[in-house]
Amino acid sequence: MGGMYEDLKGPEISSVLSESSIILLPVGAIEQHGPHLPMSVDRVIAEETAKAIVDQCGDDLDIWLLPTLSISKSNEHNWSEGTISLRYETLMAILHDIGESLSKTSAKKLVLLNGHGGNTTLLNTALRELRLNHSLETFLIHPALPPAYGGSSTEDELGMGIHGGRDETSVFMFLRPDLVNLSKAERRVPEQLAKNKHVKFGGSVSFGWLSNDFHEDGYIGDPTGASPELGEKLFNAAVESLCEALSEIKSFKFKE
């Protein structure tokens, strides 16, 4: 069985959860996504993906969904009024506290479902910290691996549709069509980076950046070709792939 962790009654925890239960924590963000998308994009995508996972494979894989951590580390967008960001120390402390609480249950597998690319480095670090300090088996998954960390992006976006681009806009159009204003979308691809072999998004050399380093609008990609039909296709493929990944997580062992 599986479902919403918060709907369990206290006395049920010891009988419902086991060492093979998977605790799923969606991590989103509240941050600017340009003039065509609301600040809720990462939170909505993370949460809706997690809910769809529980609906599709939660019972089979014994997945228990935690409430979404809606605010996270978004300081690359701190230049933009309205963005809400936690310091990395704060987010790490929150994750430690969640891990400590979960370590008191029988569940040993904690999966972070990250909807915000800017969290990726910190959450990867958190995996080991949670393993070390709370003896949890920890994993990080994404609705789509961020292009800045090796994930794919469209050829037209030169592999750099990393924030508010075609695919992310399409998925959000599928989930919340009434909150998208595509008439305000324009191409915002840092063309100058495309000629680089190493120093670019997804290249072998990482670099520090803020989302308005490339254009004052603060989004990076080309959302003009986005559509809810494409978004539905991408969303369903992500849920299917993540259920496969969670099946492997379910049976994962460090030693035979």
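The values are calculated or read from the model by the stated rules, or taken from the named source; none is laboratory data. The structure displayed is predicted, hence computed values, not measured ones. Note: ideal-geometry Cβ built from the backbone for every residue, glycine included; neighbour counts use all protein chains shown.
In table form, for the structure just shown:
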| read-out | value |
| --- | --- |
| Candidate set: the stretch 1-60, residues that are outside any helix (DSSP H, G or I) and among the β-branched types (Val, Ile, Thr); chosen: the one surrounded by the fewest Cβ atoms within 10 Å (Cβ to Cβ) | ILE30 |
| In the stretch 158-197, the residues that are closer than 18 Å to ASN212 by Cβ, buried (at least 22 other Cβ atoms within 10 Å of the Cβ) and not small (Gly, Ala, Ser) | MET160, ILE162, HIS163, GLU168, ARG188, VAL189 |
| Residues of the stretch 214-229 classified as in a loop (DSSP other than H, G, I, E, B) and either at positive phi or surrounded by 14 or more Cβ atoms within 10 Å (Cβ to Cβ) (or both), total | 8 |
| Every residue from the stretch 213-230 that is out of contact with any helix residue (DSSP H, G or I) (no Cβ under 8 Å at 6 or more places or on another chain) and under 20 Å from PRO146 (Cβ atoms) | ASP213, PHE214, HIS215, ASP217, TYR219, ILE220 |
| Criterion: in a helix (DSSP H, G or I), closer than 17 Å to LEU179 by Cβ and at pLDDT 95 or above - qualifying residue of GLU232, GLU240, GLU244 | GLU232 |
| Out of SER80, SER106, SER135, sole residue that is at positive phi and surrounded by fewer than 21 Cβ atoms within 10 Å (Cβ to Cβ) | SER135 |
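Yes or no, residue by residue, for (1) assigned to a helix (DSSP H, G or I); (2) within 23 Å of VAL205 (Cβ to Cβ):
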| residue | (1), (2) |
| --- | --- |
| ASN119 | yes, yes |
| LEU122 | yes, yes |
| ALA126 | yes, no |
| ASN133 | yes, no |
| PRO143 | no, no |
| GLU157 | no, yes |
| MET160 | no, yes |
| VAL171 | yes, no |
| ASP178 | yes, no |
